[in-house]
Amino acid sequence: MSGIVGHLGGPARSARGESTNEAPWVRFLLIAIALGFLGLVLVLPLVVVFGSAFSKGLAPFLEALADTYTVSAIKLTLLVAGIAVPTNLAFGLAAAWLLAKYKFWGRSVLITLIDLPFSVSPVISGLIFVLLFGAQGWFGPALAEHDVKVIFAVPGIVLATCFITFPIVAREVLAVMEAQGSDEEEAALTLGASGWQILTRITLPNIKWGLLYGVILCNARAMGEFGAVSVVSGHIRGETNTMPLHVEILYNEYNFVGAFAVASLLALLALFTLVLKRGLELLSQRAPKSETARASTETIVPETPATQVITP
């Protein structure tokens, strides 16, 4: 029998080996193409950005970053990200929980709506908010009566950023929840755990890496968004200009050092995001797949007796 198995398995193994053992020149060519493409579309632009930012020395670079309008753009970018990211974190967690744990009519429609910002141009997204909250929009006159400004103000920028970034956390968390299943939650429920205990001691520890991953990507997109914010901001210097919009204004004014200085700051934030994302990926690979089985029996229902003798 072992001879038959070896005879049958031999050709298959050799075929697999032949299919994966390419000639050295093929591997070298593929690696060269990949490195060349990355160098052309990733490394070269970064070199140009940082080289142009420091083209006149360190002092003009620091002076450009210390400019009043630049500082205002940085503060506004951080403010918008600080509002949009926690908002999308709460929405993404709730939406992922609903879609992963419940089956209901219209579930596929809800998934499609969550993915809508991925398929709609950011410029169109910004135009939608203008049509809704602009002076001639559906809610514009009512807002004007109460002296509430949404378009060409910070609220409009926050709304546009939230719309563009809200699928990111939901999609990341949903994938992790569906992969984890609901066995541990069901076991905790049978032990008498409350919904809050299940959420904080089982669900969140199981999805923490996907949740952090989604938050990082959402923050990166929120700080770098241009299209939708450009439509609703009005480009008011010192008031509604975020960092990407400020880069555009400086470049159009031929202030290349200032434009590339702010762009280099955005690039550093992007590189930091990539490093942080990679670190989380490595930590998630080293972390145990399940860290809550013991917690479900030791801490969820501490009032339950450890042993129970059943007598006839």
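The values are calculated or read from the model by the stated rules, or taken from the named source; none is laboratory data. Everything quoted here is computed from the prediction, not taken from an experiment. Virtual Cβ from ideal backbone geometry, glycine too; neighbours counted across all protein chains shown.
With respect to W97, determine if the residue is farther than 20 Å from A263 by Cα, surrounded by fewer than 10 Cβ atoms within 10 Å (Cβ to Cβ), out of contact with any Ser or Thr (no Cβ under 7 Å at 6 or more places or on another chain) and modelled with pLDDT under 90.
Criteria not met by W97.
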| note | Across segment 131-142, the tally of residues that are of a type in the set (F, W, Y) and assigned to a loop (DSSP other than H, G, I, E, B) stands at 2
| task | Say whether the condition of being at pLDDT 90 or above, surrounded by 19 or more Cβ atoms within 10 Å (Cβ to Cβ) and either part of a helix (DSSP H, G or I) or among the charged types (D, E, K, R) (or both) is met by at least one residue in segment 143-154. | result | no
| Count of segment 188-218 residues which are surrounded by 22 or more Cβ atoms within 10 Å (Cβ to Cβ) and in contact with a Ser or Thr (Cβ under 7 Å, 6 or more places away or on another chain) | 3
| request: Pairs only if they're at least six apart or on different chains, beta carbon under 8 angstrom, first in segment 224-237 and in a loop (DSSP other than H, G, I, E, B), second of a type in the set (D, E); list them, first residue then second. | output: F226/E248
| message | Taking the condition of being part of a helix (DSSP H, G or I) and either surrounded by fewer than 18 Cβ atoms within 10 Å (Cβ to Cβ) or free of Cβ contacts under 8 Å to residues at least 40 places away in the same chain (or both), how many residues in segment 50-71 meet it? | response | 12
| message | Given the criterion assigned to a helix (DSSP H, G or I) and either closer than 16 Å to A84 by Cα or touching a strand residue (DSSP E or B) at 6+ places or on another chain (Cβ under 9 Å) (or both), identify the matching residue among I216, I249. | response | I216
| Within the group I128, I111, I124, which residue is part of a helix (DSSP H, G or I), within 22 Å of the chain's Cα centre (by Cα), over 27 Å from V176 (Cα atoms) and not polar (S, T, N, Q)? | I124
| Whichever residue in segment 105-158 is among the polar types (S, T, N, Q) and touching a residue at least 12 places away in the same chain (Cβ under 8 Å) and, among such residues, is nearest to L76 (Cα to Cα) | S125
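Which is β-branched (V, I, T) and farther than 25 Å from V85 by Cα, of T112, T190, T161? Spell out how you get there, then give the answer.
On the way: T112 fails: farther than 25 Å from V85 by Cα; T161 fails: farther than 25 Å from V85 by Cα.
Residue meeting the stated conditions: T190.
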| Of the residues that sit in segment 90-138 and are of a type in the set (F, W, Y) and touching a helix residue (DSSP H, G or I) at 6+ places or on another chain (Cβ under 9 Å), which one is nearest to E225 (Cα to Cα)? | F118
